[in-house]
Each structure stands twice: as C-alpha cells, then as structure tokens.
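The values are calculated or read from the model by the stated rules, or taken from the named source; none is laboratory data. All values derive from a computational prediction rather than experimental measurement. So basically every Cβ, Gly included, is an ideal-geometry build from the backbone, and we count neighbours across all protein chains shown.
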Ligand SMILES: NC(=O)c1ccc[n+]([C@@H]2O[C@H](COP(=O)([O-])OP(=O)(O)OC[C@H]3O[C@@H](n4cnc5c(N)ncnc54)[C@H](OP(=O)(O)O)[C@@H]3O)[C@@H](O)[C@H]2O)c1
C-alpha cells in the first residue's frame with residue numbers, strides 16, 4: 001500500500017504518517033513545507049514541497065508511484081499578521097486570498113496531477129482535511145469569514161472532483177473530512193472554550209480518519225465525514 005500524506009509536518013498530518021507507518025504494511029510518502037520533521041523510518045520518504053506552487057506538485061507527481069491513498073492535511077486558519085475575523089468589518093482581501101491559496105488550491109492541483117496515480121482496479125482514496133465550519137447549512141454562528149469561505153470552496157471543489165471521477169476513476173473514493181477541534185498549532189489560541197472531552201489529540205483524529213478510509217469504498221465517494229463517522233451536511 002502506497003500512501004501520500006501532504007502536509008505531513010502538521011499536527012494531524014504527522015499523526016497520519018505515524019499511523020500508517022505503524023501498520024507496517026504501508027510505504028509512506030509525506031511532504032513538509034518548512035522544517036523536515038525528525039521522524040525517520042525505512043518505509044518513509046519525506047519531500048520538501050510547497051503545495052501552493054503548481055510546479056512543486058508537478059515535480060512530486062513525477063517522482064511518486066501509484067497510490068492507494070492521498071490525504072491532504074495542509075491548512076491555515078491564522079498567520080502571523082491576521083486572526084480569523086470576528087466581524088466582516090475586519091475583512092482583509094489579502095488574508096482572504098491567502099486562505100484560498102492555502103486551503104483550496106492545493107487539493108485541486110493534487111487532483112489534477114495525481115489522478116493517474118489514484119486510478120486503480122481496487123479501491124483508492126483521495127481525502128482532504130476540511131472543517132465543519134465550511135458547511136453552509138451548519139453555519140449558525142457566522143464569523144471567521146475567510147477561513148469559513150475557503151473551506152466551503154474546498155468542499156465544493158472536492159464534491160465536483162468526486163462527480164467527475166465517478167466514471168473516470170471508478171474505484172476512487174473522494175472524501176472530505178472534519179477532524180473536530182484537534183490540539184495542534186492551528187487551533188492553539190482558540191482552545192479555551194472547547195467543551196470538556198472535545199479537544200482531540202492528533203493521534204485520535206488520525207485513527208478516526210483511518211477507520212473511515214478503511215470502511216469506505218467508491219460507492220461512498222463525494223461524502224463529507226465527521227471524525228465520529230457521521231455524515232455532515234454541505
Ligand atoms: N486543528 C483543528 O482543530 C482543526 C479543526 C478543523 C479542521 N482542521 C484542518 O485540519 C488540517 C490540518 O490542520 P492541523 O491542525 O494539523 O494544522 P497545523 O498543525 O498547523 O498543520 C498545518 C500544515 O499545513 C502546512 N501548510 C501551512 N501553510 C502552508 C503553505 N502555504 N504551503 C504548504 N503547506 C502549508 C504546514 O506545513 P509546514 O508546517 O511544513 O509549514 C503543516 O503541515 C487543516 O486543513 C485544518 O484546516 C483543523
């Protein structure tokens with residue numbers, strides 16, 4: 001089994017890398033953008049890739065073999081300058097565009113360059129880590145307009161890919177995954193109001209996602225899963 005974890009340097013990404021290495025059956029390819037994680041293993045190969053840059057993805061695709069699983073765990077909620085907006089008055093078009101570039105574009109580029117890698121006679125999976133906050137139907141609180149909109153756009157992109165691939169990649173299951181609030185760098189400054197028992201470890205979330213992947217096939221393509229295995233509304 002060949003697995004590619006894009007954003008393997010992130011909290012959830014690294015837990016996924018560790019999870020699939022622990023199965024002892026997977027060859028794991030993983031990407032980082034800034035610092036190469038300290039994790040080394042005979043079945044793990046790291047690649048330095050900026051997934052917002054098309055030529056980086058094109059080069060990676062040339063290097064990698066067929067895959068049974070590609071997970072994109074790259075994402076951004078805040079940067080050094082901006083926090084998610086409490087009100088639309090705080091809207092900054094540069095920050096909005098940055099959310100789109102990091103949270104949406106990579107999954108589209110990955111689908112474009114890795115379709116042939118995922119084409120298979122047996123089940124393969126193309127999964128992106130999104131967020132429930134991108135659900136239009138579930139939006140009752142407002143706020144965080146750039147992140148929220150980028151995840152909604154990501155969800156639409158993945159749904160669109162799933163429909164296109166229903167015949168072209170008939171054995172590929174395209175899924176969108178909501179991890180719940182997970183204890184990583186991305187969520188650190190927003191963990192104060194998380195109810196007891198609802199702040200998950202990245203290891204727990206990786207385990208939840210791997211179960212969903214194990215239990216789904218092409219007939220489940222185009223679904224939006226929560227960490228607990230329930231289906232979320234778009
Ligand atoms: N944590 C949560 O509570 C939570 C909740 C809902 C959804 N999510 C989603 O889960 C996914 C993973 O998040 P996480 O919590 O694991 O966050 P994280 O620990 O901050 O990891 C983010 C990852 O994204 C990569 N990345 C960020 N900007 C990038 C860029 N411009 N180009 C390429 N790579 C970039 C980082 O790479 P480097 O570190 O190498 O730069 C890192 O691998 C994200 O899509 C996030 O939206 C998280």
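Points worth noting:
- Taken over the stretch 113-159, the criterion of being under 21 Å from residue 217 (Cβ atoms) and crowded, with 19+ Cβ neighbours inside 10 Å is satisfied by 114, 117, 118, 124, 125, 126, 127, 128, 129, 130, 155, 158.
- Test result for residue 181, within 16 Å of the ligand (Cβ to nearest atom), farther than 25 Å from residue 28 by Cα and surrounded by 13 or more Cβ atoms within 10 Å (Cβ to Cβ): yes
- One residue stands out in the stretch 15-24 among those that are more than 22 Å from residue 105 (Cβ to Cβ) and modelled with pLDDT of 95 or more: the one that is nearest to the ligand (Cβ to nearest atom), namely 15.
- Residues that are within 16 Å of the ligand (Cβ to nearest atom) and farther than 24 Å from residue 158 by Cα occur at least once in the stretch 25-34.
- So residue 81, is it surrounded by fewer than 19 Cβ atoms within 10 Å (Cβ to Cβ) and either within 20 Å of the chain's Cα centre (by Cα) or part of a loop (DSSP other than H, G, I, E, B) (or both): yes
- The residues listed here are 210, 187; of these, the one that is farther than 24 Å from residue 26 by Cβ, surrounded by fewer than 21 Cβ atoms within 10 Å (Cβ to Cβ) and in contact (Cβ under 8 Å) with a residue 60 or more places away in the chain is 187.
- Inclusion of residue 110 among residues that are more than 11 Å from the ligand (Cβ to nearest atom), modelled with pLDDT of 95 or more, surrounded by 15 or more Cβ atoms within 10 Å (Cβ to Cβ) and part of a loop (DSSP other than H, G, I, E, B) is not warranted.
- The stretch 102-125 residues that are under 18 Å from residue 64 (Cα atoms), paired with ones that are within 16 Å of the ligand (Cβ to nearest atom) and in a loop (DSSP other than H, G, I, E, B) (beta carbon under 6 Å, 6 or more apart): 106/51; 106/74
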